[in-house]
Amino acid sequence: MSTESPLIQSMRTAVAAAPTDVPLRLHLAELLLGEGLSEAAVAETAVALQHAPGDAGARALMMRAMGLPAPAAEKPGSVPAPAPQEPRAQEPAPEVPDAPAPPTGFDWAAAENEVADAVPPRFVTSGPTSTAPEAPLAADGGGEPGDATAWEVDTPGTVTLADVGGMEEIKERLEAAFLTPMRNPELGRLYGKSLRGGLLMYGPPGCGKTFIARAVAGELGASFMSVSINDVLDMWMGNSERNMHEVFETARRQAPCVLFLDEVDALGAKRSRMQHGGMRNTVNQLLTELDGVGGANEGVFVLAATNVPWDVDIALRRPGRLDRTLLVLPPDAPAREAILRYHLRDRPIESVDLGKLVKVTEDLSGADLAHLCESASERALLDSTRTGVVRMINMKDLLGAAKEVRPSTDPWFASARNVAMFANEGGMYDELLAYLKRKRKL
Ligand SMILES: Nc1ncnc2c1ncn2[C@@H]1O[C@H](COP(=O)(O)OP(=O)(O)OP(=O)(O)O)[C@@H](O)[C@H]1O
Ligand SMILES: [Mg+2]
């Protein structure tokens, strides 16, 4: 949302941290309205009304946001009605059908009914769905080191594997490859489990690689450092190596720390335009850092990720380096349920049958599911604006949106299929082949 001011952005963060704080949310809505973002203001006010259906300030704000005349009589102490606004360029003034035209021009009783109704049954059930709690999934923070010299480290977070819905196989692999030896070094040594090197996650975009890495950090009570290799690379000779070293040094200072290296394919020789020289040195620097002489990497756990594993430099895939791979596929049913639940948590919804929604969203990525919830909200919002009656987001909106969202992972599978079939060296893509076969995509 590039049109939103920094003030609004920080208000959004505050509201996300305290989703039930009605005055705070109304303040945000007020700011949005002030900047002419009336649809966004309506959306926020609708959520506020859901938490506090009778709030006079919220009602007044909703009317203004919807471009309706202010209510005639304001109770003292409530948010003062604003000065009458210039008539807005808008659809014909919404009229409330068969209401005896109250002086306010808006049928509050109906709107309130609508809102009040939605409060108890947010979700309905049909058929067996898992009973995942409304987990506090953290939004994907994604490190954004705008300044290449200051690498950001998050203190130990609260997201753990329990927040990762479904994906049991992945959790088991992580447990065996990473977590158990980490929690129990003695046992790890007994089984000769080396903690050198790291794990390379790969798969289509938006399916949870970053999220899983963050959850692993939470699981270990470790800090989390997310670095995109593209931010490490620098056109000046020697700077990329220096940056790479700095990244590892920062992680070491913060140990225990999960160092998440995203987009490691950027180091791949195939992609490099400075193939000779620059990039080679950077790869070598990374190898040196991974080897961590003299136990330097004690407490530093490297997780790497890529959408294009076939572009990853083979030197990085050798034993002791990023030698183990983990395929992260589109979310399975329990994962989809967790993701949908998360994205609907703060929206005004009524009678949503998650089980049904999970069934019709197969193959959608986490990012697609977020988009689905967004466009369902838009439908309900547009409707509310059109009719002047605030209504909740319902199954019809969600199913309608589901029909329109196409799996964004299709192109990825199209290219991955060829690689898996014709370049499956060392069985690296066995897992992917098995999935494609199961999906009849081979
Ligand atoms: N199993 C899951 N349980 C709960 N949420 C999930 C799960 N999988 C993915 N998500 C959600 O899906 C969103 C997208 O995931 P994420 O950003 O981690 O994908 P990614 O694989 O890193 O994507 P990219 O390749 O674009 O970097 C996240 O916001 C996350 O909250
Ligand atoms: Mg990611």
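Rounded to the nearest 0.05, the FRET efficiency derived from the C-beta distance between Val124 and Asp410 at R0 = 41 Å is 0.85.
Here Trp151, Trp310 are placed in order of increasing Cβ neighbour count within 10 Å, fewest first, which gives Trp310, Trp151.
Counted by neighbouring Cβ atoms within 10 Å, the residues Leu259, Leu7 run from fewest to most as Leu7, Leu259. Modelled this way, with points 7 Å down the Cα-to-C-beta line, the labels at Thr160 and Glu4 are 3.1 nm from one another.
You can think of it this way: the chain between Asn184 and Glu172 has 2.7 nm of extra reach, that is 0.36 nm per residue less the Cα-Cα gap.
Summarising the amide proton neighbourhood of Val352: residues at separation of 5 or more, or on other chains, whose placed amide H is nearer than 5 Å comprise Phe123, Val124. In this structure, the amide hydrogen of Gly166, modeled 1.01 Å from its nitrogen in the peptide plane, lies closer than 5 angstrom to those of Ala335, counting only residues at least 5 positions away or on a different chain.
Couplings 3J(HN,Hα) of region 405-416, computed from phi: 6, 9, x, 6, 8, 3, x, 5, 5, 4, 6, 5 Hz, in residue order, whole Hz [Karplus 6.51 cos²θ - 1.76 cosθ + 1.60, θ = phi - 60°; x for Gly and Pro]. Whole-Hz Karplus values for region 170-182 come out as 4, 4, 5, 4, 5, 4, 6, 7, 9, 6, 4, x, 5 Hz, taken residue by residue from phi with 6.51 cos²θ - 1.76 cosθ + 1.60 and θ = phi - 60°; glycine and proline positions read x.
Arg336 sits among other residues whose Cβ lies under 13 Å from its own Cβ, and their net charge, with Lys and Arg +1 and Asp and Glu -1, is -2. Here the 3J(HN,Hα) profile of region 309-314, calculated from phi with Karplus coefficients 6.51, -1.76 and 1.60 at θ = phi - 60°, is x, 5, 9, 6, 3, 5 Hz, Gly and Pro shown as x. This ranking places Phe224, Phe123 by how few other beta-carbon atoms lie within 10 Å of each, fewest first, which gives Phe123, Phe224.
Other residues within the sphere of radius under 9 Å centred on the Cβ of Ser375, judged by their own Cβ, net out at -3 (K and R +1, D and E -1). Among Lys403/Lys437; Lys171/Lys356; Lys396/Lys437; Lys403/Lys439, which pairs are too far apart, with a Cα-Cα distance over 22 Å? Beyond 22 Å between Cα atoms: Lys403/Lys437; Lys171/Lys356; Lys396/Lys437. Set against the 2.2 N^0.38 Å expectation for a compact globular protein, region 161-329 has a Cα radius of gyration ratio of 1.00.
For Ser226, nonlocal amide neighbours, meaning residues 5 or more places apart or on other chains whose placed amide H falls under 5 Å from its own, are Gly143, Asp154, Phe260.
FYI, it's all coordinate maths here, none of it is from the lab. Keep in mind that what you see is a predicted model, and the values were worked out from it rather than measured. Cβ: placed from backbone, ideal geometry, glycine included. Neighbour counts: every protein chain shown.
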